[in-house]
Amino acid sequence: MLGIDALAPTAGQQVLDIGCGTGLNFPLLQERIGAAGTIVGIDRSAGMLRQALRRAEARGWQNVILIQADMVLLDPRSTAARIQASGGSAVSDAALATYSLSLMGDWQQAWTNTTGLLATHARVGVVDMQDPEGWARWLTPLARLACALGGSDITAAPWRAVEERCVDVVRASARGGHLQIRAGKMMHDG
């Protein structure tokens with residue numbers, strides 16, 4: 001997956017999967033971080049997390065921590081304590097938000113809360129949607145309808161946070177520009 005390739009997590013790292021849903025990113029993350037790494041999946045939906053747990057258990061992954069929380073409303077300190085209590089580290093080495101930030105009413109606050117759970121110079125990746133471009137522009141009405149039906153704000157452009165607050169940014173797009181992928185290393189504040 002382009003987002004995980006851009007994020008480039010490595011063996012032994014702890015990676016936050018923001019809005020992890022049913023854990024669709026878990027297999028590819030596991031390939032990168034291995035058994036020595038940790039996936040921390042955060043989602044507000046208990047039903048999605050139950051499916052993510054089933055996915056992890058079916059594959060025998062012992063390194064998955066699931067946290068039910070709303071990224072807009074959570075307190076990074078108490079969430080870090082919950083992650084530690086589940087066997088993880090208080091801070092993570094990387095975070096990935098795949099089609100999730102545009103679903104959140106205040107994605108900027110969700111971004112701030114995410115970065116509050118990261119180590120200095122952690123890598124952050126965002127995969128999200130915008131109107132198709134160029135040859136694919138004719139698909140714009142369909143893309144807008146699909147996003148609206150799914151509850152996404154196609155105009156949110158949350159990858160801008162990566163461009164504004166990270167260095168060594170990797171930029172990619174797919175599906176006629178409809179999918180935007182950004183990853184980079186957090187700049188040290190102060």
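The values are calculated or read from the model by the stated rules, or taken from the named source; none is laboratory data. Because the structure is a prediction, the values reported are computed rather than measured. With ideal geometry, Cβ positions are generated from the backbone for all residues, glycine too; neighbour counts draw on all protein chains shown. What goes into the accessible areas is simple: the full protein's heavy atoms, side chains included, and nothing from ligands, DNA or RNA. Shrake-Rupley method; radii C 1.70, N 1.55, O 1.52, S 1.80 Å.
So, in segment 39-48, of the ones that are among the small types (Gly, Ala, Ser) and open to solvent by less than 30 Å² (accessible area, probe 1.4 Å), which residue ends up nearest to residue 107 (Cα to Cα)? Out of the qualifying residues, it is 41. The condition of being of a type outside the set (A, V, I, L, M, F, W, C) and closer than 22 Å to residue 108 by Cα holds for only one of 3, 60, that being 3.
As for segment 91-103, it holds at least one residue that is touching a Leu at 6+ places or on another chain (Cβ under 9 Å) and acidic (Asp, Glu).
Summed over segment 65-111, residues that are aliphatic (A, V, I, L, M), under 19 Å from residue 122 (Cβ atoms) and in contact with a Phe, Trp or Tyr (Cβ under 9 Å, 6 or more places away or on another chain) total 3. In this structure, does residue 8 turn out to be without any contact (Cβ under 8 Å) to a residue 12 or more places away in the chain and either of a type in the set (Lys, Arg) or open to solvent by 30 Å² or more (accessible area, probe 1.4 Å) (or both)? The answer is no for residue 8.
Taking (1) out of contact with any strand residue (DSSP E or B) (no Cβ under 8 Å at 6 or more places or on another chain); (2) at pLDDT 65 or above in turn, residue 139 satisfies each apart from (2). Residue count for segment 122-136 satisfying the condition of being crowded, with 16+ Cβ neighbours inside 10 Å and modelled with pLDDT under 75: 4. Entry remark, segment 63-82: residues being hydroxyl-bearing (Ser, Thr, Tyr) and within 11 Å of residue 16 (Cβ to Cβ) number 1 in total.
Only one entry of 119, 90, 85, 94 meets the criterion of being at pLDDT 90 or above and crowded, with 23+ Cβ neighbours inside 10 Å, and that entry is 94. Being open to solvent by less than 40 Å² (accessible area, probe 1.4 Å) and out of contact with any Pro (no Cβ under 7 Å at 6 or more places or on another chain) is the filter here; which residues of segment 98-110 pass it? Answer for segment 98-110, where residues must be open to solvent by less than 40 Å² (accessible area, probe 1.4 Å) and out of contact with any Pro (no Cβ under 7 Å at 6 or more places or on another chain): 98, 100, 104, 110. Considered as a group, the residues in segment 11-38 that are touching a residue at least 12 places away in the same chain (Cβ under 8 Å) and over 16 Å from the mean Cα position of the chain (by Cα) include one that is least open to solvent (accessible area, probe 1.4 Å), and that residue is 37. Would you be able to say whether some residue in segment 106-119 is out of contact with any helix residue (DSSP H, G or I) (no Cβ under 6 Å at 6 or more places or on another chain) and either acidic (Asp, Glu) or at positive phi (or both)? Taking every residue of segment 106-119 in turn, at least one turns out to be out of contact with any helix residue (DSSP H, G or I) (no Cβ under 6 Å at 6 or more places or on another chain) and either acidic (Asp, Glu) or at positive phi (or both).
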